[in-house]
1. What tally of residues in region 178-207 results from selecting those that are surrounded by 13 or more Cβ atoms within 10 Å (Cβ to Cβ) and in contact (Cβ under 8 Å) with a residue 40 or more places away in the chain?
2. Among the residues of region 186-199, how many are more than 14 Å from PHE161 (Cβ to Cβ) and in contact with a helix residue (DSSP H, G or I) (Cβ under 7 Å, 6 or more places away or on another chain)?
3. Can LEU215 be described as surrounded by 12 or more Cβ atoms within 10 Å (Cβ to Cβ), touching a strand residue (DSSP E or B) at 6+ places or on another chain (Cβ under 9 Å) and hydrophobic (A, V, I, L, M, F, W, C)?
4. Take ASP159 and tell me if it is acidic (Asp, Glu), more than 30 Å from ALA23 (Cβ to Cβ) and without any contact (Cβ under 8 Å) to a residue 40 or more places away in the chain.
5. For region 87-146, name all the residues that are crowded, with 20+ Cβ neighbours inside 10 Å, within 22 Å of LEU56 (Cβ to Cβ) and in contact with a Pro (Cβ under 8 Å, 6 or more places away or on another chain).
Amino acid sequence: MYVYLMRGGYLGTAHRQVAATQALGRAAMSELLSGPTALESQAGLDSQIPPGTKLLGLSVSGHVATVNLSSEFGNSGSASSALARLAQVTFTLTHLPGVSRVQFQFQGQVLTRLLSAPVRLDEPVQRSDFEGVLPPVFVEAPAPGDAVGTSLRVEGTADVFEAQFRIELRDSRGNLVLSEPVMATSGSGQRGSFDATFTYLTKYPGIGQLTAFDLSAKDGSRIDAVSIPVVLTAS
């Protein structure tokens, strides 16, 4: 199950294992409202959803999920933190099969805006409403703690120069075992998707580190780097 948290002001992804259930939306919201795990916190993930926020209701009709949250969700914070928490809920629910938009309610009421966040809430919102909360390279898989086997599949979206960025994978001893370019479907002002698989060899399984980064068009230095701890297996 995908749960969307925050990393340094941008959206980040966590993967959770839950018991089989038909109430996927409620399970996803329960995981989201529980906040980051210890491993996710160590990987730099946190949440802008205020503690004490409760799920009061959730229903799906057509492609719209209507979520009813308690007043704690909007009790305090800045416009930027409100935008982040709205993005967390929207991305988490729109990862569910068939859901593409989210209608927010607070204590059963629909608001026009939340804490002056620049998104109208009197109609359903979608992922594209939160482009400003996405990092230039948004890795949705793998997430912190994922096992990657003897191959590494990297998925997500990116808005980078010429649609290309790079990934590096290091094993449990810090040895570089993979360094490759990744192409998105579009870039340079238009976000595109990517889905690439690479194989690697290592004698040192365990907790390794995946780093995705762009290269500066000005001087070639690394920019917009995101590091994710993953579990490697022996080759």
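1. Count: 6.
2. Pass one, region 186-199, residues more than 14 Å from PHE161 (Cβ to Cβ): 193-199.
Retained after the next criterion (residues that are in contact with a helix residue (DSSP H, G or I) (Cβ under 7 Å, 6 or more places away or on another chain)): none.
Residues meeting the conditions: 0.
3. On the way: surrounded by 12 or more Cβ atoms within 10 Å (Cβ to Cβ): yes; touching a strand residue (DSSP E or B) at 6+ places or on another chain (Cβ under 9 Å): yes; hydrophobic (A, V, I, L, M, F, W, C): yes.
The answer is yes for LEU215.
4. Details: acidic (Asp, Glu): yes; more than 30 Å from ALA23 (Cβ to Cβ): yes; without any contact (Cβ under 8 Å) to a residue 40 or more places away in the chain: yes.
Judged against the criteria, ASP159 is a match.
5. Selection gives VAL102 alone.
Read-outs: derived from the displayed coordinates by stated rules, not from any lab. Since the model is a prediction, treat every value here as computed from it, not as a measurement. For neighbour counting, all protein chains shown are included, and Cβ atoms are generated from backbone atoms with ideal geometry for every residue, glycine included.
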